[in-house]
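Inspection log for the structure reproduced underneath, given as structure tokens.
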Amino acid sequence: MSGAPDLAGRVADGWSVALTGLAPDARRAGLAAVDDGARTAGRDPREVHRLATIGGPVSADTLEALAGEGFGVLVLATADPDEVRAFAGLVPEVRARVAAARAQAGVRVGTVRSAAVRARRRPGIDYDAIPASLADRAVEPGDAQYGGVRSNYLRGGSPGLVLRPRTTAEVVDALAYVRGQDVPLGVRSGGHGVSGRSTNDGGIVIDLGALNSIEVLDEATRRVRIGPGARWGEVARALHPHGWAITSGDYGGVGVGGLATAGGIGFMAREHGLTIDHVRAVEMVLADGSVVHADETRHPDLFWGVRGAGSALGIVTAFEFEADEVGLLGFAQLTLDASDTAGLLQAYGEVVEAAPRDVTAFLILGPPRRGQPAVARIMATVDSDDPDTIIDRLQPLADIGPLLDQQVVLTPYPGIIALPDPGPHQGQGEPATRSGLVEHITPEFAQAAERFLRSGATYFFQFRSVGGAVADVPPEATAYASRSANFSAVASAAAGAAWTRRGTRWPGTSAGSTGASRPTAVPAGCSTRTRPRRCGGCAR
Amino acid sequence: MTDYGHDLRFGSFITPANAAPQQVVAVTQAAEEAGLDLATFQDHPYQPRFLDTWTLLSYVAARTERIHLSGNVLNLPLRPPAVLARAAASLDLLSGGRFELGLGAGGFWDAIAAMGGRRLSPGQAVDALSEAIDVIRGVWDADNREPLRVHGTYYQVDGAKRGPAPAHPVGIWLGAYKPRMLRLIGRKADGWLPTLAYLDSLRDIADGNAVIDEAAAGAGRDPRAIRRQLNVGGQFRTASSDRLLAGPPEQWAEQLAALALEYGVADFMLASDDPQALAVFGEQVAPAVRELVAAERAR
Ligand SMILES: Cc1cc2nc3c(=O)[nH]c(=O)nc-3n(C[C@H](O)[C@H](O)[C@H](O)COP(=O)(O)OP(=O)(O)OC[C@H]3O[C@@H](n4cnc5c(N)ncnc54)[C@H](O)[C@@H]3O)c2cc1C
């Protein structure tokens, strides 16, 4: 805003004035009027930037003097490229002189947030101490961008501060700062975490979304380096032109960071194992701020733990993966009548276990709708581009119950990993989710699952096939121990459902769960409230 | 049933959603890569989920090289015509003659009023659009030394300086369905740009053409000065069908060729944000339509 400096002080973010023909006294009076206007409106005068437009030629002395008066933005009025270059040439010197003068005077450098924003700050966070490298991109509750970063995919959140580092060094800065703040910390990559720990209420979130590069390191060994903030849908699209893919989850919005530190049960699990089984090395920042590289030989214990329990060990800032060669896939969506839920589930279990590894299937049950039969939806991938093989593989799955609808397509991997929904996460509330690993779908388990579903306790009950290549990796090789399971079961419910409380038994698991430590209960690591130590495949 | 003999152009009609701004840019670049001639964007300045279309046009102009760009169509009530004319000329100059001016009278008056715009009746809006075209053409008429004066009911320009002239003759295309608008097109515009889905049947195109042709003749213009355009939607499928634009590319080509030869349509804008569909449209459908139409015209 130019002219009326008092108005700028009261309502604007900056006062812009052309200095040509303006007497020094008038200039200083203007600056004072900005300050007065700001104070009248209950603002901190530092909230208002001062911009000066000057005619050339100028000297470093002039610029330094103007900066000393409070002009933080100095603009040269010219159409002559040489004058622009000369002006730019002065900048480093002017910056250095101003920095030295400020250091001597003890001036804090940074933008002062408005009183309205400061009023919404949360206790326990020293906002003034946010490192300079992170301050500009930090988001706090009063900021306009807050709505876009507060929540994750499934849950609403109200963190007191979201830090958005762009580099490993900035992650180190962020952790150094966070160590001094007595509030909860959440680490977020793609924000699809099921536990909700990637957002919080009144704490700090380190959002790694900007560390999202995808880079091929070596064509011959299919080695790729991927930042935790990349999404699996983007990864699928970036690797596809090379004829490669990394088995991930079923949804392209899920972040690399959360999935590749936990497990990664995807559409090619039985053929290619878990996502963590493709991790060859990580770069991570530990709680003390040290940056370490871990692989089979360097910090092997850390490398063991990061594959399954990474979130308990530090912040991964880059992953190195070995991708697989993947061509066209058969992808089927089948809808079956699940009136005989237990029978269908048991048949599903038998068919999947008997199927060759090129078949991976997910089965989803929802509660029966009024007046309609319960239905099961199966999504199945066949790693083959031969239509006859695909049909051969799918037929047994289509035969496990009355088939209501079917669709089969031949598609490259990106075709089944949808791109993320654009825009910020809109999660709300506190949905509850429990997961567990199941060795076999026994008749007892199937019946318990049917009762559980019919009780209306869950709106989403899914059974994914694992086994196959997942079980080739010895249990002690990674922190994902429950390798012998053939199925991963996940149930979701609205907030507060009684069965989701800690310690509640997974329905009917006495006959088949493989939770390594507590075979008859939900694996401890999968609680939404506890830390995921050795969390066997829980979807976080 | 008229073929106006226009060269055929194929374009895209892309949603300017602001949720993932760069995705819109990427789709526009995909349209260019697919060999399409035009990338066009709807303009609803009162819609908070959309990027401001003018800003988007300026931005994608800098991120593309060959493709022509247009609003489809710009909302006149919220874009004062004298400024719009200079903005259009500027973008045409900056982009090397790649800008076209799709323009509409405005329709969602509650939303326009909520943005501080003036509420007009549909009839008034047509008159306002007519005045706006006079203003715009007057500003572009840079060789004319006389200050521009337009004393309209809705727009007044009183002695404004003229210029700049755009880099190429920028087409003024109007989105229109009703006779008053069609007559305005016949008198003053360079293109008629309706959306197929809003027409009751293909007959509407023939009927609209007749109204435009008559108004053009009445104004001493050649009806061939006005391009007939169409926003289309559809699905690419492996199996052909008897529906319009629901089938394999060959079926699309035959149907679009018929629209060109029998209804005079020369510009086809595909409403799609899917790069794959745009690629099929640009790489398979467009050449096939051109071939069919050229063969038929040569007979
Ligand atoms: C729609 C949907 C579909 C899903 N599909 C699948 C699926 O098919 N298969 C499957 O296995 N899982 C699936 N999941 C679960 C998902 O894999 C996990 O929730 C995963 O943790 C999400 O990763 P994220 O980076 O998006 O999550 P975030 O919420 O960002 O992170 C989740 C947790 O991981 C930890 N973390 C994140 N980044 C890092 C890092 N860089 N270093 C250390 N720890 C970190 C943090 O503790 C964080 O709280 C799905 C979830 C959703 C919501």
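The values are calculated or read from the model by the stated rules, or taken from the named source; none is laboratory data. All values derive from a computational prediction rather than experimental measurement. Don't worry about glycine lacking a Cβ; one is built from the backbone with ideal geometry, like all the others, and counts go over all protein chains shown.
Tell me which residues, restricted to region A:144-179, are in a helix (DSSP H, G or I), buried (at least 21 other Cβ atoms within 10 Å of the Cβ) and of a type in the set (S, T, Y). Across region A:144-179, the qualifying residue is only A:Y177.
Output the number of residues of region A:423-439 satisfying the condition of being surrounded by fewer than 18 Cβ atoms within 10 Å (Cβ to Cβ) and more than 14 Å from chain B (Cβ to nearest Cβ). Step through it out loud before you land on a result.
First, pick out the residues of region A:423-439 that are surrounded by fewer than 18 Cβ atoms within 10 Å (Cβ to Cβ): A:423-424, A:426, A:428-430.
Still in the list and also more than 14 Å from chain B (Cβ to nearest Cβ): A:428-430.
The qualifying residues number 3.
Every test in (1) small (G, A, S); (2) touching a strand residue (DSSP E or B) at 6+ places or on another chain (Cβ under 7 Å); (3) within 14 Å of another protein chain (Cβ to nearest Cβ) is passed by B:G11 save one, and that test is (3). Looking across region A:452-468, the residues that are in a loop (DSSP other than H, G, I, E, B) and in contact with a Leu (Cβ under 9 Å, 6 or more places away or on another chain) come down to A:T458, A:V466. Among the residues that make up region A:341-364, is at least one of them modelled with pLDDT of 95 or more, in contact with a Lys or Arg (Cβ under 6 Å, 6 or more places away or on another chain), of a type in the set (S, T, N, Q) and within 16 Å of the ligand (Cβ to nearest atom)? Scanning region A:341-364 turns up at least one residue that is modelled with pLDDT of 95 or more, in contact with a Lys or Arg (Cβ under 6 Å, 6 or more places away or on another chain), of a type in the set (S, T, N, Q) and within 16 Å of the ligand (Cβ to nearest atom).
Which residue out of A:A65, A:A60 is more than 20 Å from A:R108 (Cβ to Cβ), exposed (fewer than 15 other Cβ atoms within 10 Å of the Cβ), at pLDDT 95 or above and over 41 Å from the mean Cα position of the chain (by Cα)? Talk me through it step by step, then tell me what you get.
Values: A:A60 fails: exposed (fewer than 15 other Cβ atoms within 10 Å of the Cβ).
Being more than 20 Å from A:R108 (Cβ to Cβ), exposed (fewer than 15 other Cβ atoms within 10 Å of the Cβ), at pLDDT 95 or above and over 41 Å from the mean Cα position of the chain (by Cα) holds for just one of A:A65, A:A60, which is A:A65.
Applying the criterion of at least 2 residues that are closer than 30 Å to A:V162 by Cα and hydrophobic (A, V, I, L, M, F, W, C) to the helices (runs of 4 or more DSSP H) found wholly in region A:16-135 leaves A:81-105, A:115-118, A:132-135. Among the criteria (1) more than 22 Å from B:G5 (Cβ to Cβ); (2) small (G, A, S); (3) assigned to a helix (DSSP H, G or I), the one B:A217 does not fulfil is (1).
Which residues, taken from region B:120-143, are surrounded by 13 or more Cβ atoms within 10 Å (Cβ to Cβ) and of a type outside the set (A, V, I, L, M, F, W, C)?
Taking region B:120-143 first, the residues surrounded by 13 or more Cβ atoms within 10 Å (Cβ to Cβ) are B:120, B:122, B:124-142.
Matches in region B:120-143: B:P122, B:Q124, B:D127, B:S130, B:E131, B:D134, B:R137, B:G138, B:D141.
Filter region A:371-393 down to the residues that are more than 14 Å from A:R270 (Cβ to Cβ) and crowded, with 17+ Cβ neighbours inside 10 Å and list them by number.
From region A:371-393, those more than 14 Å from A:R270 (Cβ to Cβ) are A:371-378, A:385-392; that's our starting set.
Residues satisfying the conditions are A:A374, A:V375, A:A376, A:R377, A:I378, A:I390.
In region A:283-308, the residue that is nearest to the ligand (Cβ to nearest atom) out of those that are buried (at least 22 other Cβ atoms within 10 Å of the Cβ) and part of a helix (DSSP H, G or I) is A:V306.
Residues that are within 14 Å of chain B (Cβ to nearest Cβ), among the charged types (D, E, K, R) and surrounded by fewer than 24 Cβ atoms within 10 Å (Cβ to Cβ) were ranked within region A:180-237; the one that is farthest from the ligand (Cβ to nearest atom) is A:R237. Flag: A:A100 does not match the condition of being crowded, with 17+ Cβ neighbours inside 10 Å, more than 30 Å from A:T433 (Cα to Cα) and not basic (K, R).
Which residue out of A:L259, A:L274, A:L336, A:L328 is crowded, with 22+ Cβ neighbours inside 10 Å, more than 14 Å from chain B (Cβ to nearest Cβ) and more than 15 Å from the ligand (Cβ to nearest atom)? Explain how you work it out, then say what you get.
Values: A:L259 fails: more than 15 Å from the ligand (Cβ to nearest atom); A:L274 fails: more than 15 Å from the ligand (Cβ to nearest atom); A:L328 fails: crowded, with 22+ Cβ neighbours inside 10 Å.
From the options A:L259, A:L274, A:L336, A:L328, the qualifying one is A:L336.
Exactly one residue among A:A449, A:A471 is surrounded by fewer than 21 Cβ atoms within 10 Å (Cβ to Cβ), assigned to a helix (DSSP H, G or I) and either away from chain B (no Cβ under 14 Å) or not hydrophobic (A, V, I, L, M, F, W, C) (or both), and that residue is A:A471.
No other residue among B:T64, B:T40, B:T28 is of a type in the set (V, I, T) and surrounded by fewer than 24 Cβ atoms within 10 Å (Cβ to Cβ) apart from B:T64. Of all residues in region B:18-33, those satisfying the criterion of being away from chain A (no Cβ under 14 Å) and touching a strand residue (DSSP E or B) at 6+ places or on another chain (Cβ under 8 Å) are B:T28, B:A31, B:E32.
Going by the conditions given, is A:H242 in contact (Cβ under 8 Å) with a residue 60 or more places away in the chain and either outside the structural domain of A:G436 (by TED's automatic domain parsing) or surrounded by 21 or more Cβ atoms within 10 Å (Cβ to Cβ) (or both)?
Working: in contact (Cβ under 8 Å) with a residue 60 or more places away in the chain: yes; either outside the structural domain of A:G436 (by TED's automatic domain parsing) or surrounded by 21 or more Cβ atoms within 10 Å (Cβ to Cβ) (or both): yes.
Spelling it out, A:H242 is indeed in contact (Cβ under 8 Å) with a residue 60 or more places away in the chain and either outside the structural domain of A:G436 (by TED's automatic domain parsing) or surrounded by 21 or more Cβ atoms within 10 Å (Cβ to Cβ) (or both).
For (1) within 14 Å of another protein chain (Cβ to nearest Cβ); (2) of a type in the set (V, I, T); (3) within 23 Å of B:Q229 (Cα to Cα), each residue gets a yes or a no:
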site	(1), (2), (3)
B:P45	no, no, no
B:R49	yes, no, no
B:R66	no, no, yes
B:N75	no, no, yes
